[in-house]
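Nothing in this text is a laboratory measurement; each read-out follows from the coordinates by a stated rule. What you see is a predicted model, and the numbers here were worked out from it, not measured in a lab. All Cβ positions, even for glycine, are placed from backbone atoms using ideal geometry, and neighbour counts span all protein chains on display.
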């Protein structure tokens, strides 16, 4: 993963989303992937205008695969969820592209897989959920 691409912009974006003053050292590959994943999953959840309980459960189940309870990563995940929701980052393609630019092709494919898993969580895949992929 090449984290040098737009790193200053990514640090500023992640700082804004989390409400924390982050530095370049926090811009690790797992944090970048996690921020991208939160953004993609929330985008899929909200794109059809309806959020089912099964989607909320799928969101947390997917994200919790990457952290343990009471960990800093879990707390950061919740800050990211809040920030992405409040800023509707999933509607801002430039910001999503900033987050996903340093990801490898394999990581992008993984994001797509998790996104499709989320889109099927409520038992039906809305046409808007199929057309969300921009990276």
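Which percent of Cα-Cα pairs in the range 13-89 sits in each 10 Å bin, short to long?
Bin by bin from 0 Å, the calculated values are 18, 54, 25, 3.
For the range 96-110 and the range 10-81, write down the distance between their C-alpha centroids in whole Å.
If we compute the Cα centre of each part, the gap is 14 Å.
With 10 angstrom as the radius, rank 75, 58, 108 by how many other C-beta atoms surround their C-beta, starting from the fewest. Display every interim value, and only then the final one.
Numbers: 75 13, 58 21, 108 16.
Ascending number of Cβ neighbours within 10 Å: 75, 108, 58.
When the chain is fully extended, how far beyond the present Cα-Cα distance does residue 108 get from residue 79, taking 0.36 nm per residue of separation? Don't skip to the answer; put the middle values down first.
Details: separation 29, 0.36 × 29 = 10.44 nm, distance 2.23 nm.
Gain on stretching residue 108 to residue 79: 8.2 nm.
Highest GNM mean-square fluctuation, the chain, Cα pairs closer than 10 Å: which of 98, 77, 68?
Of the options given, 68 has the highest mean-square fluctuation.
Just one of (i) 7.4; (ii) 8.4; (iii) 10.7 is mean projected area of the Cα convex hull in nm² as worked out from the coordinates here. Which one is it?
Matching the structure shown: (i).
Sort 124, 9 so that the residue with the fewest other Cβ atoms within 10 Å of its own Cβ comes first and the one with the most comes last. Don't skip to the answer; put the middle values down first.
Details: 124 11, 9 14.
Least crowded to most crowded, the residues run 124, 9.
Please rank 79, 59, fewest neighbouring Cβ atoms within 10 Å first, as an exposure proxy. The partial results should precede the final answer.
Working: 79 16, 59 21.
In order of increasing Cβ crowding within 10 Å: 79, 59.
Which FRET efficiency value, to the nearest 0.05, do you get for residue 24 and residue 61 by plugging their Cβ-Cβ distance into 1/(1 + (r/R0)^6) with R0 = 41 Å? List each step's numbers first, then the result.
On the way: r = 31 Å, r/R0 = 0.76.
So, using R0 = 41 Å, E works out to roughly 0.85.
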